[in-house]
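One structure is given here, and the rest of the page talks about it.
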Amino acid sequence: MPQLEAQIRGEKREDVVAGEFGITVAFTNGGSEPVRLNVHQASHPALVLDVRDRNDREVPLPPPSAPDAEDLAEGNLIEPGKSITIDYVGFLDRSLAPGEYRIRYFGEFPALGGSKDDPLRSDWLTVTLRPERGFERGIEIPNFKPAPDDVVPVLERPLWLRLLLPIWIFVRDIYWWIYCVIVTRFFRRGCDDVRSQEIDQPRTETISNAPPGSEAWNGTYGWRARFLLTLDEPSCTGRVLIRVRLVGTITAAQRSAWETAIEAAWNARFKLCRKNCCCSDGLRIVTDIQFVTSGEHQVVNVGTSTTNMGNWGAADTVDVSHELGHMLGALDEYFTVNGVAFGAGRQATGAIMNNPANPPVARHYETVRQAAGALRAATYSTIPQSSSC
Amino acid sequence: MALVASLIIDPTEAAAAERFVAACTVTNAGDGDVSINVAPLSSPSLALEIQDATGAPVRLPPPPVPPSEPPIKRLEPGEGTTATFAGFLPSWTEPGAYRARCRYVAGPGEPVVSPWVGFTLTR
């Protein structure tokens, strides 16, 4: 029997969402001698998680990333009586059919806590994947328009329109109130729709007019904005999930600091609004960065400083929030970008794509807004969260 | 100013984009001291030029917002400064043969560039 014990647990077991569901495995050294476990290698779900469907058929997981130096190292030493935990998130493919599945830890190599003859295994954890609701995942979004590559100026409304606008809004609200009463009371339309879509948009920008000393910034750059967008009526949220696979060395505290900084910068600021019977005060935009070992949207190399969207400084908690903006599809806003002049970078009043220390503005969620509109076949506007829709 | 650039890519063949590491060195080949702005060497997006097998450019993500004050480094004759870029190739890059060179943009004139170095992404 292996010296390590593996215990598996999941916060939620019923109605879980494939692709977002997570479990934790705790490894405890129940022996009297220290024992090794390669935590890095054991963090690859495909190497250690045994997933079965209702008929006990094996459910294949996405392949692990190519082994790196840490995968091949001798691993972490666990003292007698001590435990360590590993979180596995997003390892179930979103295309899995709804129903019951069983998951267990299964390590059959010494680096993973066991051996071929005597594998380290946990008990089974049974979960139920919830049925697909709403938009079918993985298909092309009709009418998706990439975010505009420049800033569209807001036109001043004429006086007559400004005077008539409040009356028009009042009439429209009355109409919607009556419509929603009919739909929800008589046709029993529930506000339980949840729709998700993987977004993958190529983005380019050309920087010009860099001042002396920064000429190297002149050039054309390209990347892909990738995230999972979920429009969730029960919680009135528009959730943007970015899965990031890290390459390199970072402490849990540094990783947590990234997450805190990014979510503080991008969350609780804006919401998506449209005239609707459900979530009449809009869908709060919630940005969630998850660190995964496979199935990533982006790969980030960990270094000593942040040098672009794919290379972040381990101790940096400012510029990483700017780089996340690129992952959401936002363009830079310094010098001249795609013909629009912004001036110097890091201006005191500049928004996050100019000055990473400052918060974002509505246009930085433009790709999210466009994707939400395509997902619902509707037109959304991006409104500060403190305002009414 | 007599600067020369050189580039090493290691390994020259790998199955994952994140495996490639580029080391770009700018050396003072002149007889006197030279002060250089090292900001252009601060990001792979600024210091590396990459082409695919057809010669088409491989675009890298945008560089970080530039610093308010350019960082200056003094190089004595024969001295060099090296910038190392681990995982410089974007994860969405298609498998194939590529070449890269180090590019140091010192000002409005022609940049100092290294010879091209080939590498292959297999999968």
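Taking beta carbons within 10 Å but only from partner chains, what does the mean come to for residues B:83-92? Spell out each step's value before the answer.
Numbers: counts 1, 2, 5, 7, 9, 5, 2, 8, 12, 9.
So the per-residue partner count for this stretch is 6.
Treating the beta-carbon of each Lys and Arg as +1 and of each Asp and Glu as -1, no other charges, what is the dipole magnitude of chain A about its Cα centre, to the nearest 20 debye?
Computed about the Cα centre, the dipole is about 1700 debye.
Working note: 222 nm ellipticity from helices only, DSSP H runs with n ≥ 4, each -39,500 (n - 2.57), summed and divided by the residues of chain A, gives -5500 deg cm²/dmol to the nearest 500. Remark: A:GLU323, A:GLU198, A:GLU296 ranked as A:GLU198, A:GLU296, A:GLU323, counting other beta-carbon atoms within 10 Å and listing the fewest first. Please label the shape of the range A:201-248 as rounded, prolate or oblate, based on the square roots a ≥ b ≥ c of the eigenvalues of the alpha-carbon gyration tensor (a/c under 1.5 means rounded; beyond that, a/b larger than b/c means prolate, else oblate). Prolate, since a/c reaches 1.5 and a/b exceeds b/c.
If contacts are Cα pairs under 8 angstrom and at least 6 residues apart, what is the relative contact order of the range A:165-285 in percent?
Dividing the mean separation by the residue count of the range A:165-285 yields 23 percent.
When chain B is treated as a GNM with alpha-carbon contacts under 10 Å, the residue of B:THR27, B:THR12, B:THR93 showing the greatest mean-square fluctuation is B:THR93.
Ranked by how many other Cβ atoms sit within 10 Å of their own Cβ, fewest first, the residues A:ILE383, A:ILE23 fall in the order A:ILE383, A:ILE23. Using every pair of separate Cα atoms, the Kirkwood estimate puts the hydrodynamic radius of the range A:285-373 at 14.1 angstrom.
Each Lys or Arg adds one and each Asp or Glu takes one away; over the other residues whose Cβ falls under 11 Å from the Cβ of A:ILE23, this sums to +2.
For the range B:1-99, the percent of C-alpha pairs falling in each 5 Å distance bin, counted from 0 to the bin holding the largest distance, reads 2, 12, 20, 21, 17, 13, 9, 5, 1.
Ordering A:GLN3, B:VAL4, B:VAL26 by the projection of their Cα atoms onto the charge dipole of the protein assembly as shown, which places +1 on the Cβ of Lys and Arg and -1 on the Cβ of Asp and Glu, puts A:GLN3 at the extreme positive end.
Taken as entire DSSP H runs, the helices of chain A that both span 24 Å or more between Cα atoms along their own long axis and average 0.0 or more on the Kyte-Doolittle scale are A:159-181.
Once the mean 1/r over all distinct Cα pairs of the range A:166-252 is inverted, what Kirkwood radius in angstroms do you read off?
After inverting the mean inverse Cα-Cα distance, the result is 18.5 Å.
If you wrap the Cα atoms of the range A:1-51 in a convex hull and average its projected area over all directions, you get 4.6 nm². Candidates B:VAL112, A:ASN301, A:CYS236 compared by Cα position along the dipole of the protein assembly as shown: farthest toward the positive end lies A:CYS236, with charges placed on Cβ. Volume of the convex hull of chain A (Cα atoms only), normalised per residue: 168 Å³. By the rule of a C-alpha distance below 29 Å, with chain neighbours fewer than 8 residues away ignored, the lysines paired with A:LYS116 are A:LYS82.
Among the residues of B:50-62, the average count of other protein chain beta-carbon atoms within 10 Å of the residue beta-carbon is 4.
Here, P(r) means the percent of Cα pairs in each 5 Å bin from 0 to the largest distance; for the range A:293-339 it is 5, 20, 25, 23, 17, 7, 2, 1.
FYI, it's all coordinate maths here, none of it is from the lab. Since the model is a prediction, treat every value here as computed from it, not as a measurement. For neighbour counting, all protein chains shown are included, and Cβ atoms are generated from backbone atoms with ideal geometry for every residue, glycine included.
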